[in-house]
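What follows draws every value from the coordinates through simple rules; no lab data is involved. Computed from a prediction, not measured in an experiment: that's the story for all the values here. Virtual Cβ from ideal backbone geometry, glycine too; neighbours counted across all protein chains shown.
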2 protein chains.
Amino acid sequence: MLSKNIIKHINALKQNKFRDEFQEFIAEGDKLVTELLSSNFKIIEIFAVKEWLDIHKISDNVAITEVTVSELERISGLITPNMVLALVEIPQQQSIDTFIFEKLILVLDEIKDPGNLGTIIRIADWFGISDIVCSKHSVDVYNPKVVQATMGSIARVNIQYVDLSIFLKNIPKDIPIYGTLLNGENIYNQTLSENGIIIIGNESKGISNELLPFITNKLYIPFFAENSNNKAESLNASIATAIVCAEFKRRAFFA
Amino acid sequence: MLSKNIIKHINALKQNKFRDEFQEFIAEGDKLVTELLSSNFKIIEIFAVKEWLDIHKISDNVAITEVTVSELERISGLITPNMVLALVEIPQQQSIDTFIFEKLILVLDEIKDPGNLGTIIRIADWFGISDIVCSKHSVDVYNPKVVQATMGSIARVNIQYVDLSIFLKNIPKDIPIYGTLLNGENIYNQTLSENGIIIIGNESKGISNELLPFITNKLYIPFFAENSNNKAESLNASIATAIVCAEFKRRAFFA
């Protein structure tokens, strides 16, 4: 049985300001909730239909509320609610350890679309990139649309929000900083290292001017259209991220 | 001034059955409409605000209706209507010319998500792939969400809907048929040709069983996560398409 207060509370968490205030977010569906339950995230409460609870063993320190399908509909943000919704604590932002510079790190400069951020987190997970650093003006990773679009990868990728100018200024001098730019060099002709920073720009504006001076290696995904009057102007930010990450990993493992 | 009938007609075109009946679709926004105007598509009518009409010269054989912002809102499918909406004739489906086998062709086996199909068309355009062949159960390319997601690339990529079993059965024997499969071979270790078919499967079910026997080269995008308990299970269909297309073109041009 759901109280009016809990329904109100959960629906409020669809808004950034209430997530900030309560430091909680929601995640829905069997796959996502199951992955969060086996991660380091702290699950505050599970709201699930009997059918789901019957086949999942939940740790004793997680509160459980059995709900009906129609109750689940009242708290769900999905068009078709999917058996379970978890109320999850937003983890404290950790300070950035210097050891992450031994690996590839994605830096996102104002990704605004929730689907793009969720997809980029899923791509990072696939390619074994465990750290993403976002500008403070990027979409919130705990926005329900981002959480759902990660398909569970949010449980395995660390996401930080920082002032990117300060972050990039403090990168050790020997760490390459790659950026994808329209006036960059063909990625397929460039040396790519196994560690370093890869900056992905905003969906329409690209990488912001104040970050350009930090880039040591400008990259460009070549355009293969056969006739020169082709006007395809850009690739979606998450598509570009996928192609770039795939090429870095191909070089490291299969070139 | 918009009549009730035209408002009703345009809104009806958001549904598949009315697009089928009238053989018309709608496209919105400056970039998309401008690209369609300079393509082979037949534009039936333009509905645009004065500001847009003032700076665009439209051919005499296209009907033009000046609308107010609030009138545009009544016919638009966008959250924020964008100056212009075009009523466009659905082109007759051409028969498939055999010459397309000299190039790369994307075959989509039941892509269901409009955003995915739109994004795949945009990827094809970027990589110079001018032919996409879809199964008859794929989402309709003239669905407004697909049209918008192509960002104009719909004007440059030919999309056909066919019975894929029949299509693949009639492919010349020397044309390789690639498919992305979980049990495929690492794409980075395989020979990739400059022409051939690349089959992309449905978002959740992958490539359907009846098409598997046609595949001559099974491909897999390797999973690079560092620890084996990582559970990232798949890449989004459009992300996988991008990575595969990029690798085919890299081999042809830069390897």
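Here are some notes:
- Rg(Cα)/(2.2 N^0.38 Å) for the protein assembly as shown, N = residue count: 1.02
- Here the dipole of segment A:106-244 is about 140 debye; that uses its Cα centre as origin and unit charges on the Cβ of Lys and Arg (positive) and Asp and Glu (negative).
- Rg to Rh, two decimals, where segment A:116-255 supplies the alpha carbon set and Rh follows Kirkwood: 0.95
- Scoring B:35-41, B:60-66 by mean Cβ neighbours within 10 Å over their residues and listing the highest first yields B:35-41, B:60-66.
- Ranked by the mean number of other Cβ atoms within 10 Å per residue, highest first, peptides A:241-248, A:186-193, A:109-116 order as A:241-248, A:109-116, A:186-193.
- For a paramagnetic label modelled on B:ASN16 (point 7 Å from Cα along Cα→Cβ), amide N atoms under 20 Å away belong, within segment A:62-89, to A:79-80.
- With each label modelled as a point 7 angstrom along the Cα→C-beta vector, the A:ILE166-B:GLU185 pair spans 5.2 nm.
- Close amide-amide hydrogen proximity is noted between B:VAL107 and B:VAL133, B:ILE198, B:ILE199, B:ILE200, each under 5 Å apart and 5 or more residues distant or on a separate chain (H modeled in the peptide plane; Pro and chain starts excluded).
- Relative contact order of chain A, pairs being alpha-carbon contacts under 8 Å that are 6 or more residues apart, as %: 19 percent
- Span from the segment A:129-171 Cα centroid across to the segment B:19-72 one, whole angstrom: 40 Å
- Proximal lysine pairs, segment B:4-89, alpha carbons under 17 Å, eight or more residues apart or interchain: 6
- Spin-label model, B:ILE96 to B:SER39: label points 7 Å out along the Cα-to-beta-carbon direction sit 2.1 nm apart.
- Antiparallel bridge percentage (DSSP; both residues within the protein assembly as shown; nearest 5): 30 percent
- Per residue, the convex hull spanned by the Cα atoms of segment A:4-89 amounts to 93 cubic angstrom.
- Cβ-vector label at 7 Å, A:SER193, separations to other copies in nm: 4.1
- Around A:GLN190: net Lys/Arg minus Asp/Glu count, Cβ-Cβ under 12 Å: 0
- Its residues counted as N, chain A yields a C-alpha radius of gyration over 2.2 N^0.38 Å of 1.12.
- Within 10 Å of the Cβ of each residue in B:236-249, the mean number of Cβ atoms contributed by other protein chains is 6.
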